[in-house]
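This report concerns only the one structure given below.
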Amino acid sequence: MRVYFLIIIGIFFSLLQSCKEVDSDQPNEYAAKFVTQLNPTDTFLVDIPRPKNKEIDSFQIEINKRNERYLALESIEKGFDSIQVRIFYACINTPRLFIILKNTGKKWKAELCRIVYPKNWQNWGDSVSRMTINGSPKSGWTKFISQLFELKVLTLPTDDNIPGFKRESVTDGCWAEVEIATKNTYRYYSYDNPDLYNYPQTKNILLILELINNEFEMKKKFNAENIWPDGNLK
């Protein structure tokens, strides 16, 4: 009798897991509205904010291109079918983590990543790699994506473009970068030390990071307890 009971429990949990996987390809009309509003025109939109310092701008662009090559990431600057969101978060002297959220073939997928740097700095370059784990949100894709889009992940401005923004001078800290691509849109924006500010936009980026950690356990999976917000925000 005990054996039959355990078999039934096993089947029950298997069904639950199966339902969770099916959720990744469920239509989400609510989220689709956010994507449509991102660029309602037929013209391809490129939104890449430029720093005032052109030398820093050129240097950062070159770093981003090299990182794509080293980490085996295909460029999404010319668009993606149907949507891809990359969210990167790191602090000085801590693991660099990022998540790739893709909807292609009408199905959501998530890649949880940690950048792995060489121990010998002379081997810098092609020896930089990434550790990747496939994941699914705890609450299911429909609820997670709806919450993520409600927090304006698709439309937040870069921090320098927040009205009245005054940057704090710090020597180190944390930063977040976001890339978004659809069929007709490419956007990039970033936040330096968002926890230092009290603007609605900086609060949103922190809530986005918190949501991702709660749903995918980024800190736990990559042993990164010193970074990535984890539910302490109010």
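Within the stretch 193-206, how many residues are over 16 Å from Phe34 (Cβ atoms) and not in a loop (DSSP other than H, G, I, E, B)?
The total comes to 9.
Checked against (1) touching a Ser or Thr at 6+ places or on another chain (Cβ under 8 Å); (2) of a type in the set (S, T, N, Q); (3) assigned to a helix (DSSP H, G or I), Ser190 meets all criteria but (3).
Counting only residues that are hydroxyl-bearing (Ser, Thr, Tyr) and at pLDDT 85 or above, which one in the stretch 89-111 is farthest from Lys219 (Cα to Cα)?
Going through the qualifying residues, I end up with Thr104.
Restricting Arg114, Arg130, Arg86 to residues that are farther than 30 Å from Ala32 by Cα and at pLDDT 85 or above narrows the list to Arg130. Selection of first residues in the stretch 77-101 that are free of Cβ contacts under 8 Å to residues at least 60 places away in the same chain and of second residues that are of a type in the set (D, E, K, R) and surrounded by 19 or more Cβ atoms within 10 Å (Cβ to Cβ), restricted to Cβ pairs under 6 Å at least 6 apart or on distinct chains, gives the following pairs, ordered by first then second residue: Ile100/Arg86. Against the numbered list (1) modelled with pLDDT of 90 or more; (2) within 30 Å of Ser127 (Cα to Cα); (3) of a type in the set (Asp, Glu), Glu62 comes up short only at (1). Within the stretch 26-58, restricting attention to residues that are at pLDDT 90 or above and charged (D, E, K, R), the residue that is nearest to Asn184 (Cα to Cα) is Asp42.
If only residues of the stretch 146-159 that are surrounded by 18 or more Cβ atoms within 10 Å (Cβ to Cβ) and touching a strand residue (DSSP E or B) at 6+ places or on another chain (Cβ under 7 Å) are counted, the one that is nearest to Tyr188 (Cα to Cα) is Thr158.
The lone criterion from (1) under 25 Å from Tyr70 (Cβ atoms); (2) loosely packed, with under 13 Cβ neighbours inside 10 Å left unmet by Val170 is number (1).
The values are calculated or read from the model by the stated rules, or taken from the named source; none is laboratory data. From a predicted model like this one, the values you see are computed outputs, not experimental measurements. In this analysis, Cβ positions are derived from the backbone assuming ideal geometry, glycine residues included, and neighbour counts consider all displayed protein chains.
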